[in-house]
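The values are calculated or read from the model by the stated rules, or taken from the named source; none is laboratory data. Everything quoted here is computed from the prediction, not taken from an experiment. Cβ coordinates were reconstructed from backbone atoms using ideal geometry, including for glycine residues, and neighbour counts include every protein chain displayed.
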Amino acid sequence: MLFNALLCILGSYLIGAIPFGLLLSKGSGIDIRTQGSGNIGATNVTRLLGKKMGALTLGCDMLKGYLPMFVAALLLRDDPNRDLLVALCGAATVLGHMFPVYLRFKGGKGVATALGAFFYLAPPAVLACLLVFVVSVALSGYVSLGSLLASASILVVLLMMQVPAWKFWLAAGIVALIWLKHRQNIVRLLNGTEKGWRKKAQG
């Protein structure tokens, strides 16, 4: 049973590490790691390759956060610690996206993959976060600010939902990693040098 759990967590990491943004952009001749913000996520893909490719990348990155958890729940259905193990699989997918073994551990910021994982854990919280994201980006023009506020807001929503402590602290760990990955964006936002979505520059 322990072997199955470890296998699910490792498999989740390897799936999370798949750089869909990079793979989907291969045919364009553009290396998204060297242009735009250099990020492999949906925001940079959208800027460089258009909304359709960006939406496809977003969908794939979300799916790789959700699907491993769904499969793990089926495989570990008889495990007494199934809920916690499935949540750890979700965390592993986010870590995989942020630190992918296929790209020498230089990955994306994990927002879309975390969104997929949270959608499995607490769908109502995700809907609230999406609202925060949309409003923040619409008012400020900064995708980075929207991502930061949306990720932080999920902790507030989870507290309001009175979820189990392990679920909250797992979410807090993922949110902390997202903020860590956005540290350069935070510095630029504080300095007033962050360039917004409307200007199609770094984010």
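Among the residues of the stretch 129-140, is any in contact (Cβ under 8 Å) with a residue 40 or more places away in the chain, out of contact with any Pro (no Cβ under 8 Å at 6 or more places or on another chain), in a helix (DSSP H, G or I) and over 21 Å from Gly16 (Cβ atoms)? First the steps, then the outcome.
First pass over the stretch 129-140, keeping only residues in contact (Cβ under 8 Å) with a residue 40 or more places away in the chain: 137, 140.
This time we only want the ones that are out of contact with any Pro (no Cβ under 8 Å at 6 or more places or on another chain), so: 137, 140.
Among the residues that remain, those that are also in a helix (DSSP H, G or I) are: 137, 140.
Now drop any that are not over 21 Å from Gly16 (Cβ atoms), which leaves 137, 140.
Yes, the conditions are met somewhere in the stretch 129-140.
Among the listed residues Gly116, Gly96, identify the single one that is touching a residue at least 24 places away in the same chain (Cβ under 8 Å) and closer than 10 Å to Met62 by Cα. Break it down stepwise before answering.
Numbers: Gly96 fails: closer than 10 Å to Met62 by Cα.
Sole residue among the options that is touching a residue at least 24 places away in the same chain (Cβ under 8 Å) and closer than 10 Å to Met62 by Cα: Gly116.
Which condition does Leu159 not pass, out of (1) more than 19 Å from Ile40 (Cα to Cα); (2) hydrophobic (A, V, I, L, M, F, W, C); (3) within 14 Å of the chain's Cα centre (by Cα), if it passes all the others?
Of (1) more than 19 Å from Ile40 (Cα to Cα); (2) hydrophobic (A, V, I, L, M, F, W, C); (3) within 14 Å of the chain's Cα centre (by Cα), only one is false for Leu159: (3).
Only one of these is under 20 Å from Leu155 (Cα atoms) and surrounded by fewer than 22 Cβ atoms within 10 Å (Cβ to Cβ): Leu139, Leu130, Leu115. Name it.
Details: Leu139 fails: under 20 Å from Leu155 (Cα atoms); Leu115 fails: surrounded by fewer than 22 Cβ atoms within 10 Å (Cβ to Cβ).
Being under 20 Å from Leu155 (Cα atoms) and surrounded by fewer than 22 Cβ atoms within 10 Å (Cβ to Cβ) holds for just one of Leu139, Leu130, Leu115, which is Leu130.
Only one residue in Lys181, Lys200 is at pLDDT 90 or above and touching a Lys or Arg at 6+ places or on another chain (Cβ under 6 Å). Which one?
On the way: Lys200 fails: at pLDDT 90 or above.
The unique qualifying residue is Lys181.
If I filter the stretch 165-185 down to residues being farther than 25 Å from Leu85 by Cβ and out of contact with any helix residue (DSSP H, G or I) (no Cβ under 7 Å at 6 or more places or on another chain), which single residue comes out as surrounded by the fewest Cβ atoms within 10 Å (Cβ to Cβ)?
Taking the candidates together, the pick is Arg183.
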